[in-house]
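All remarks here apply to the structure that follows.
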Amino acid sequence: MEPLIMLQHKIKFQRMARLFYLILLCGVIGGGVTIAHAEGGYNYATQWGTLGNGLGQFNRPVSIAIDKQGNLYVADMYNHRIQKFNSNGTYVTQWGTFGAGQGQFSSPSAVAVDSRGYVYVADSNNYRIQQFNSNGSYLTQWGSLGAGDGQFFFPSSVSVDSNGNVFVITNNQRTTLQFNVNASWNNQGAQPFTKPYGVTVDVEGNIYVVDYVNHRIRKFNRYGGAIMQWGSRGSGVGQFQAPEGIAVDSQGNVYVADTGNHRIQKFTTTTPISNNTYLSKLDGISANAHVGDRPLIAGILISGGTKRVMVRASSVEGVLDPAVEIFTYPDRKSVAKNDAWVAHPAAAELTANKLTPARSTDAAMILELSPGLYTAEVTRNTPLAGLGIVEVYDMNVFTGMSHSSQFGGISANAYIGDKPMISGILISGGTKRLMVRASSVDGMIDPSVEVFTYPDRQSLGKNDAWTTDPLMATELTAKQFTPARTTDAAMILELPPGLYTAEVTRTPGTTNFGAGILEVYDID
């Protein structure tokens, strides 16, 4: 298979070993479940187009691109032109005729739009890429027939990333797909497609694939985990005949080039993307560690608005009698305190939502926290030391209310010896990109961090020195997330909705005990 070519700034080429955020070719990652997910589905909205060469008609529409204003550009292959429409399907303009001259096409197979509004067309039978402005005025072109850098054999797909890099796939590579996850190959659950054509990614990182032979659309999360599918063979509403192109706008609406039916179909999501509601949320945290002379401390970062939270401190094995107190950070002003949940005014609400701790001596409370930094500190009411857990949950998880606030970050601070420090993470609504960092507070321990699914405990990533992965280290440095020491641990993960644990231990082969801190930040 010929390598994928990246065209940077229109004319600079280099061969790629791997790509981030985009798709590569080879085999699909995906689960076997392909039913509607709890996040919602899609409703048919409208359609336009019939077979013909008039305005708004098509003869094999194969590719769709959407600009920032929501305008659609359609590669009308056998009419050798690009047609432009608004989001409702109203015709705006067109350009192109059959030929090999500037602005002419021979079976254009794909179209893409960059952040500046420039339009890129894969002029397949002319073995080139042409660039235009948003009104169709010719700007430049590159490519010729061949297998060398900057040459093509029937370019069949073109896309542009946020940095203006142009990605081209040639026709003989259109076999199967593979998604790149966390800057590394993931070959688990390989599931080949038969001729996957159009592919696009929405603003939340979900991936949409046009399953050409099966006349349907399939949606995956960033991990390649199947979310849902829709469509069947036919000409009715929501049916397809050999579809080839797909695009998603900023609101999550999906447009499909229903090629064999010579039309465009639009589908609206039942969970539209909103600037005021976090669909992908870090909804809950917990920290589990030994509580003795040193407290167990959880850090909380709230952004976007006031958040109503439940804070709970419990004894894991029944030895500890815990108390929990919330402080502002860094000025350490006490916000609330509890050492027995049955005495708190929120006891009835805790009971109604089945959030009561196991023991009457455990602590819990419900309170509202404004945007800012806080610490939840667990201490003991009696001389007995033991294993304790502190939990902080967004009460909207239990009431079902949407909200404009979110947990922007969490942390846990505890003494690490023979037992690990364990933090629980709850994510809902969509895939969340997180930075997980484990550091030594006093320089005594050499920490290692590993993230697991819960409760089946499948490892999703592990690190014991953040500098060992150059690519991830570069991003950590750019985002100013680097730990203080090279022996500290950090990694970036993309986690779909679910429960997880992050566990901090001493790196194997080290013997020192000491205070450690685990931090989890939303880096989106």
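Every number in this text was worked out from the coordinates using simple rules, so none of it is lab data. All figures in this text were calculated on a predicted structure; none of them were measured in a lab. No Cβ is skipped: glycine too gets one built from the backbone with ideal geometry, and neighbour counts run over all protein chains shown.
A few remarks follow.
- Length gained on full extension, L499 to R233, computed as 0.36 nm times the residue gap minus the Cα-Cα distance: 92.0 nm.
- Label point distance in nm, T328-A385, each placed 7 Å from Cα along Cα→Cβ: 3.3 nm
- Approximating the spin labels as points 7 Å out from Cα along Cα→Cβ, the V342-to-T140 distance works out to 7.6 nm.
- Spacing of the two label points (7 Å from each Cα toward its C-beta) at Q102 and S459, in nm: 5.8 nm
- A cut-off under 13 angstrom between Cβ atoms defines the neighbours of I422, and their net charge, with Lys, Arg +1 and Asp, Glu -1, is -1.
- Listed values for the range 450-459 are Karplus-derived 3J(HN,Hα) couplings in whole Hz (6.51 cos²θ - 1.76 cosθ + 1.60, θ = phi - 60°), namely 9, 10, 10, 6, 10, x, 7, 6, 8, 6, and x replaces Gly and Pro.
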